């Protein structure tokens, strides 16, 4: 292991592991398991020099497309304004810089753990949607709809979900920017999600089942062996 990678690994572990985050395999990514979502913390390289920058955000565990279900992505948050720490052959200076990133990471973890309060999470997602122009709203609508269903805000969830379906439908009917997977996911939503929107309880259970299928899938991967095996429940 190169010296800068060893410093990142040992320093980050010292700060994050005591706070119940776990490392994904031998990567630079760490996860905080919050049931229906993960907080992802990543100390990524810029690809041009030895060092790290901080990314942190929320990844929801309900299902979306088949390909996206196999991995985690940032659904809320990502880049953290904490600068890039470059390794310049001075171990002590580099370690101090990584310590600052790790401390900043814990601040972001504490912030995103507040998503365990679904009312707070919903207000954040609604603000995210409101801050985007209409033509740029896409996954933000889907995530807001799923959260509404999980939270029990059934009628509001249906309204947002219908808005999302219309965005999908508009995209594959347009001759200017047809996207095949949009049509495929639209059909999936009609066949596998809309049929469950018969009651608040049915919609809520649908999302819980989604979450537990993905949790089970990740639990079976060796790099996620430290995550909780307990199924999610309301």
Looking across region 22-52 at residues that are touching a helix residue (DSSP H, G or I) at 6+ places or on another chain (Cβ under 7 Å) and in a loop (DSSP other than H, G, I, E, B), the single one that is surrounded by the most Cβ atoms within 10 Å (Cβ to Cβ) is 36
In region 220-234, residues that are in a helix (DSSP H, G or I), loosely packed, with under 14 Cβ neighbours inside 10 Å and in contact with a helix residue (DSSP H, G or I) (Cβ under 9 Å, 6 or more places away or on another chain) total 0
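Can you confirm whether region 76-96 contains a residue that is closer than 28 Å to residue 204 by Cα and in contact with a helix residue (DSSP H, G or I) (Cβ under 7 Å, 6 or more places away or on another chain)?
Start the filter on region 76-96 by keeping residues that are closer than 28 Å to residue 204 by Cα, which leaves 76-78.
Next, from what is left, pick out any that are in contact with a helix residue (DSSP H, G or I) (Cβ under 7 Å, 6 or more places away or on another chain): 76-77.
Within region 76-96 (the criterion being closer than 28 Å to residue 204 by Cα and in contact with a helix residue (DSSP H, G or I) (Cβ under 7 Å, 6 or more places away or on another chain)), the answer is yes, since at least one residue qualifies.
Hey, can you tell me all the residues within region 195-215 that are part of a helix (DSSP H, G or I) and free of Cβ contacts under 8 Å to residues at least 12 places away in the same chain?
Residues of region 195-215 part of a helix (DSSP H, G or I): 195-196, 200-215.
195, 196, 201, 202, 205, 209, listed by residue number.
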Filtering region 89-109 down to residues that are surrounded by fewer than 12 Cβ atoms within 10 Å (Cβ to Cβ) and either outside the structural domain of residue 31 (by TED's automatic domain parsing) or within 17 Å of residue 45 (Cα to Cα) (or both) yields 89
(1) loosely packed, with under 13 Cβ neighbours inside 10 Å; (2) touching a residue at least 40 places away in the same chain (Cβ under 8 Å); (3) in a helix (DSSP H, G or I) all hold for residue 187 apart from (2)
Selection over region 119-166 where residues are more than 12 Å from residue 203 (Cα to Cα) and outside any helix (DSSP H, G or I) yields a count of 5
The lone condition residue 145 fails out of (1) surrounded by fewer than 14 Cβ atoms within 10 Å (Cβ to Cβ); (2) farther than 20 Å from residue 32 by Cβ; (3) within 17 Å of the chain's Cα centre (by Cα) is (1)
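The values are calculated or read from the model by the stated rules, or taken from the named source; none is laboratory data. A quick note: this is a predicted structure, and the numbers were derived from the prediction, not measured. Don't worry about glycine lacking a Cβ; one is built from the backbone with ideal geometry, like all the others, and counts go over all protein chains shown.
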